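Note sheet for the following structure.
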Amino acid sequence: MQTTIRALLGAALVVTAFGVAVAKLPPTPPLTDEQKAAKAAKDKTDADLAKAQLTKAEDRTATHYIAEQKAKGITVTPQLPTGQPTPSDGGKSLPAQPEKASNAHSPPQK
């Protein structure tokens, strides 16, 4: 019982000390135009790097999956998602056209 109370008092002391330390920190100064531009450039670079890493991981996973299926004797033909350019059309593709509202649902057939 005393161990539990001591643990709770210790935790409360740590939380209180952390709260006081954080409360005393000064607010961050506003960014200048140069700092904003540097931050935007860094964010863009980070986003491009993350996208490249994701693409590389997806390609590696797809290659591994296709190799496993080939070893089992199953032929896998990967399909590109809609809207992605395909090599056969020279890298150009049209966006998918949404259905018209009038053709969205067919009437029941009699």
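Some notes on this structure:
- Count of residues meeting criterion [loosely packed, with under 10 Cβ neighbours inside 10 Å and either in contact with a Leu (Cβ under 8 Å, 6 or more places away or on another chain) or assigned to a helix (DSSP H, G or I) (or both)] in the range 20-73: 8
- Test for A67: is it free of Cβ contacts under 8 Å to residues at least 12 places away in the same chain and not β-branched (V, I, T): yes
- Per-region count, the range 44-70, residues modelled with pLDDT under 95 and of a type in the set (A, V, I, L, M): 3
The values are calculated or read from the model by the stated rules, or taken from the named source; none is laboratory data. These figures come from a predicted structure and were not determined experimentally. Virtual Cβ from ideal backbone geometry, glycine too; neighbours counted across all protein chains shown.
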